[in-house]
Amino acid sequence: MGKIHRTLLAAITATLTGLSGLATAGVQLDRMIVYFDADKLPRQDILVTNPDNENLYLETEIFKVENPGAENEERVRIIDPDKMQLLATPGKSIVPPGGRKTVRLVSLNPAPKVEEVYRITFRPVVGELEATQTAVKILVAYQ
């Protein structure tokens, strides 16, 4: 039997929200797919870059994908520390304009018996905006 490993799959989602104000919350990740191999360290780093000229407020959320690829595929948000098999730290961070931060993913179950799939959401958080006219606020989140 080959190496058993945990896999993180990634997809891009975009949210468009109409608000009174105009802003873009930029976030760039250095990679979209991460594999945890059984014979390697149980941690991987993702470099988050903020190309904008304002602070980026970032949150991460972990979802376990049950029945990946099947019709009954389901994404379950993991918030109970006793059930966490994957950790993303820090959960919240501020990336300065033009800056970079590292988000570390740590596998707490380095040798699962079957492959497991997780999705991590990297979501920018933008506060209230003031404007003299109606505009569009664009948030791009990576999952």
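The values are calculated or read from the model by the stated rules, or taken from the named source; none is laboratory data. Source: prediction; values computed, not measured. For neighbour counting, all protein chains shown are included, and Cβ atoms are generated from backbone atoms with ideal geometry for every residue, glycine included. Protein only, heavy atoms only, side chains kept; ligands, DNA and RNA dropped before computing areas. Shrake-Rupley method; radii C 1.70, N 1.55, O 1.52, S 1.80 Å.
A few notes on this one:
- Given a 1.4 Å probe and the protein chains as shown, Val114 ends up with an accessible area of around 100 Å².
- Taking a straight line from the alpha carbon of Lys113, these aspartates and glutamates sit under 16 Å away, with near neighbours fewer than eight places off in the same chain left out: Asp37, Asp39, Glu66.
- q = 0.18 Å⁻¹, the stretch 57-136: log10 I(q)/I(0) [Debye, one scatterer per Cα]: -0.86
- Computed from the Cβ-Cβ distance with R0 of 35 Å, the FRET efficiency linking Thr134 to Arg77 stands at 0.60.
- Per-selection Kirkwood Rh - the stretch 68-110 (Cα, Å, 1 d.p.): 13.1 Å
- Each label was represented as a point 7 Å from its Cα along the Cα-to-Cβ direction; for Glu66 and Arg43 these points are 3.1 nm apart.
- Annotation: amide H of Gly26 within the under-5 Å range of Asp52, sequence separation 5 or more or interchain, hydrogens built in the peptide plane.
- Carbon and sulfur %, accessible surface of the stretch 25-73 computed with the full protein complex present, 1.4 Å: 43 percent
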